[in-house]
Structure formats: C-alpha cells, structure tokens
Amino acid sequence: MKVSVIVATMKERLAMLPRMIECFEAQTYQDCECVICLDHAATDYMTQGAKLNEGVRIAAGDLIIKWDDDDEYGPEFIARAVREMERRLEFTSPEPPGGMSRPLLAWGRWLIRFTDEPPDAVHITDIPNMMAGGTLCVGRGFAEKVKFRNVNSGVPKLFIEDAERHGGRLSRIFDAPEQYTMIRHGGNTWKSFEPDYKRTVDEFLRAMPLYEGVFA
C-alpha cells in the first residue's frame, strides 16, 4: 500500500521543513511519498485547504496522511497509521462496501513541546475527545470526494465534519503518543478556541500533565 504524506506550507515557513523532512526520511514504512504544497508568488496565494486538495490531486498513494510542517513525527508513525487503517473498512474502493461508513483516523493522544520551556518538559494530552489535525489519515478516494474546504483555519475539523456527512467514521489512536509531538513555537496557526472560550490554546495546552514515558 502506497502512502502519500501531504504537507501544506508557505514561503514564510520554509525554515521549518528540514525537520519535517528528517522525520519523513526516518519512517520505517518504506512505500511512501511526501507531497509539499506551497505558494510560489503573492499572485498565486492558496488557502491551506486548497493546497491540501492540490496535494491529494497529484498524490500517488492509496492512503492520504496530513502532516503539519512545524511538528515532529516518530519513525513508526506511518507504519502505525497503515496498520490501524487496514484493520478498518476497505478504503481504496470508490464506494463503501455494503453501504458501510468510511474510515478516518487521527491521533487522540499526543505530546506537546513548547520551545520556550526546557527540552525535557514535554506535556501530554489527557482529554479523550481531542483530535490532532496534523495526524489526519483518510483513503485517497474519500479525500477526493469530500475535499478540504477552501479556508485557512480549522481545516481538519471541518473536513471531518463534512466526511461524517458522507458516511465517514473517525477513530482515534490513544496508545502511541510518542509518535506525534505538537511543537508550540509562538507562530502556530492554531491560537484560539471558540470566541466564548476564555483561555488561549497555549494556556490550555500548558495545563496538560508532563509526559513520563519513553520518547520515540
């Protein structure tokens, strides 16, 4: 099974790509490619959703995995995602077999590192209904059908909402948090929750407990 990792980025964030590419090259799963989508000039501006759709269009993989350009991924990330998707419904056929729902996958428990904290002060999410948008996995055919919305904010969340209206079903991985680390560096695009929520995303995530396990 071929996997396509899709990364939407922009010129201002190119300095972040070497670490992401290093994570990709360290993957133990070999049948995969990395598709990086960005604007080439001010006149060619595209939203994050549009870039992801373009990445899906040119991807060669059966499985699409969305990565963020500023986060870190353990060497078993893709292998684990493939195993989990294979355990669920067949996702390469044009339509669900027997009218059953289509599988979506994301990490439900992951690590968080703030660049202004000591390197060993790594937090871990502890809320069951959370979902890491930088870990979204979906079959290519289903991604082509649903498509990412043409927006910059909340793209994975909106995609899942749309996918569920087309029969999608989201599953979460909770037992491999060391395979995904969200890096909070002050320039993150995810900064706030709903308008009536009193804490910022960073304030919320800093309150998460410290991780005491083994790093990937």
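Overview of values
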| quantity | calculated |
| --- | --- |
| Top-ranked residue in segment 43-78 [being part of a helix (DSSP H, G or I) and of a type in the set (K, R); ranked as nearest to the chain's Cα centre (by Cα)] | K51 |
| Strands (runs of 3 or more DSSP E) wholly inside segment 137-188 containing at least 2 residues that are over 14 Å from the mean Cα position of the chain (by Cα) | 168-173 |
| Any pair with Cβ under 8 angstrom, 6 or more apart, that starts in segment 159-181 at a residue that is closer than 20 Å to D71 by Cβ and ends at one that is exposed (fewer than 15 other Cβ atoms within 10 Å of the Cβ) and not hydroxyl-bearing (S, T, Y) | F174/P128; P177/G213; E178/G213; E178/V214; E178/F215 |
| Selection from segment 1-21 of residues that are in a loop (DSSP other than H, G, I, E, B) and among the basic types (K, R) | K2 |
| Test for F204: is it surrounded by fewer than 21 Cβ atoms within 10 Å (Cβ to Cβ), at pLDDT below 95 and not in a loop (DSSP other than H, G, I, E, B) | yes |
| Residue under evaluation R113, criteria (1) under 20 Å from V5 (Cα atoms); (2) part of a strand (DSSP E or B), criterion not met | (1) |
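The values are calculated or read from the model by the stated rules, or taken from the named source; none is laboratory data. As the structure is a prediction and not an experimental result, all values here were calculated from the model. Note: ideal-geometry Cβ built from the backbone for every residue, glycine included; neighbour counts use all protein chains shown.
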